[in-house]
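The values are calculated or read from the model by the stated rules, or taken from the named source; none is laboratory data. These numbers come from a predicted model, not from an experiment. Backbone-built Cβ (ideal geometry, glycine too); neighbour counts: all protein chains shown. All accessible areas refer to the heavy atoms of the entire protein, side chains included, with ligands and DNA or RNA removed. Shrake-Rupley method; radii C 1.70, N 1.55, O 1.52, S 1.80 Å.
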Amino acid sequence: MTTESIDAGNHQRISELGGRVLAGGEITRDEAFWLFGLSGSADIYDLMSWANRIREQFKGNKIHLCSIVNAKAGACSEDCKFCSQSAAYQTDAPRYPFVEPEPVLGAAEEAKANNVTALGLVAAWKGLDEGPMLDEVCDRIRDLSESGKTRADASLGIIKDPKVARRLKEAGLKCYNHNLESSRRYFPEVCGTHSYEDRLETIRNIKAAGLKICSGGIIGMGETREDRCELALELRELGVHVVPVNILNPVEGTPFEGKAGIEPLEILKTIACLRFILPKKELMIAGGREVNLRDMQSMIFMAGASALMVGNYLTTLNQPVEKDLQMLRDLGLDPD
């Protein structure tokens, strides 16, 4: 027997955990850490086969599609080390103020044509407070919501005032994205201008306003497998609705430009572990998938993914939407 053969003990334990999740149960903290620690390719494929069954049982054959609009680009005051839009770094990222209505409505039209369920307005700034900018943001959200072409989502940074969250909801916002990025332990290695607790507070304020929560992170930033597991468990505790998984695509000029990256099988294993921990949530694969997964992109669904960000990202390119839609058709999956 080679080292890449399925370990009988691992196979039995994966099957036991998979069966428990399929039956509506939950895996424990220790069991989650054990799953993240699996390393043999045969064990990872075994894990993925169960993650695929879990996805099919709880999410069916539909794949939720989401796209974004970079509504305000560059010159951000925060120092997130992965981000080319930080004013602290010299990059080629674009810079422009908050967008006028026309580009947003144009993006909504394109989203509708491509069966994209949700369109997110994303702004490069620390956060949002009461004032003229909030008024303008609410106008764009209202335009998007009233267009009837797609669901209005947004990612607008830190929100410390619950009244701001309520105003966004009143304007027609349905879902707010605010990623934790990594574990509490590793977060200070990622950002120094705001805290992990600031992010948790934002999510609590969004939840209290009755908005859906989209929160996940970035893998491949130098964190450990344990950090990825801690992030997943934190998201389970918070009760988020959509979990975006980004894979670091290092940008020249940022502190993370020299990061070595993460292997495709490790990415797929991470997705499968997230599906075990978060069986009923939308698990969305977002930035960095084309660069890091290469020819293995289609395997994200076998690993448990149920959602996909399509179209270009904030400052980097994705593969054409038509190619993503063809991939779903070839897999017998339906865009939702």
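If you go through segment 122-141, how many residues are surrounded by fewer than 16 Cβ atoms within 10 Å (Cβ to Cβ) and in contact with a Gly (Cβ under 6 Å, 6 or more places away or on another chain)?
Total meeting the criteria: 1.
Please work out if residue 309 is open to solvent by 10 Å² or more (accessible area, probe 1.4 Å), out of contact with any Ser or Thr (no Cβ under 7 Å at 6 or more places or on another chain) and either closer than 26 Å to residue 21 by Cα or of a type outside the set (Val, Ile, Thr) (or both).
It is false that residue 309 is open to solvent by 10 Å² or more (accessible area, probe 1.4 Å), out of contact with any Ser or Thr (no Cβ under 7 Å at 6 or more places or on another chain) and either closer than 26 Å to residue 21 by Cα or of a type outside the set (Val, Ile, Thr) (or both).
If only one of 76, 66 is free of Cβ contacts under 8 Å to residues at least 60 places away in the same chain and open to solvent by less than 20 Å² (accessible area, probe 1.4 Å), which one is it?
Only one candidate qualifies: 76.
When you go through (1) open to solvent by 20 Å² or more (accessible area, probe 1.4 Å); (2) out of contact with any Phe, Trp or Tyr (no Cβ under 6 Å at 6 or more places or on another chain) one by one for residue 119, which number turns out not to apply?
All conditions are met except number (1).
Just to be sure before I move on: is residue 214 within 28 Å of residue 130 (Cα to Cα), touching a Lys or Arg at 6+ places or on another chain (Cβ under 7 Å), touching a residue at least 60 places away in the same chain (Cβ under 8 Å) and crowded, with 20+ Cβ neighbours inside 10 Å in the structure I sent? Can you show your working first?
Working: within 28 Å of residue 130 (Cα to Cα): yes; touching a Lys or Arg at 6+ places or on another chain (Cβ under 7 Å): no; touching a residue at least 60 places away in the same chain (Cβ under 8 Å): yes; crowded, with 20+ Cβ neighbours inside 10 Å: yes.
The answer is no for residue 214.
Of these, 161, 153, which one is at pLDDT 90 or above, surrounded by fewer than 19 Cβ atoms within 10 Å (Cβ to Cβ) and of a type in the set (D, E, K, R)? Walk me through how you get there before you give the answer.
On the way: 153 fails: surrounded by fewer than 19 Cβ atoms within 10 Å (Cβ to Cβ).
The match here is 161.
Against the definition (more than 21 Å from residue 119 (Cα to Cα), more than 21 Å from the chain's Cα centre (by Cα) and at pLDDT 95 or above), how does residue 56 come out, yes or no? Write out each step before concluding.
Numbers: more than 21 Å from residue 119 (Cα to Cα): yes; more than 21 Å from the chain's Cα centre (by Cα): no; at pLDDT 95 or above: yes.
For residue 56, the condition - more than 21 Å from residue 119 (Cα to Cα), more than 21 Å from the chain's Cα centre (by Cα) and at pLDDT 95 or above - is not met.
Quick check on segment 97-118: of everything there that is outside any loop (DSSP other than H, G, I, E, B) and touching a Lys or Arg at 6+ places or on another chain (Cβ under 7 Å), which residue is nearest to residue 247 (Cα to Cα)?
Within segment 97-118, the match that is nearest to residue 247 (Cα to Cα) is 118.
State the number of residues belonging to segment 83-102 that are open to solvent by 40 Å² or more (accessible area, probe 1.4 Å) and either touching a residue at least 60 places away in the same chain (Cβ under 8 Å) or within 26 Å of residue 282 (Cβ to Cβ) (or both).
Of segment 83-102, the ones open to solvent by 40 Å² or more (accessible area, probe 1.4 Å) are 87-88, 90, 92, 94-97, 100, 102.
Next, only the ones that are either touching a residue at least 60 places away in the same chain (Cβ under 8 Å) or within 26 Å of residue 282 (Cβ to Cβ) (or both) stay: 90, 92, 94.
Final tally of qualifying residues: 3.
Are there any pairs with C-beta distances below 7 angstrom linking a residue in segment 222-242 that is closer than 22 Å to residue 82 by Cβ to a residue that is of a type in the set (Gly, Ala, Ser) and surrounded by fewer than 18 Cβ atoms within 10 Å (Cβ to Cβ), with the two at least 6 apart or on different chains, and if so which?
Pairs that qualify, where the first residue is closer than 22 Å to residue 82 by Cβ and the partner is of a type in the set (Gly, Ala, Ser) and surrounded by fewer than 18 Cβ atoms within 10 Å (Cβ to Cβ), are 225/37.
Filter segment 160-189 down to residues that are of a type outside the set (S, T, N, Q), assigned to a loop (DSSP other than H, G, I, E, B) and either over 30 Å from residue 135 (Cβ atoms) or in contact (Cβ under 8 Å) with a residue 60 or more places away in the chain (or both), then give me how many there are.
Total satisfying the criteria: 3.
Of the residues 253, 258, only one is open to solvent by 20 Å² or more (accessible area, probe 1.4 Å), in contact (Cβ under 8 Å) with a residue 60 or more places away in the chain and in a loop (DSSP other than H, G, I, E, B); which?
One residue alone meets the criteria, 253.
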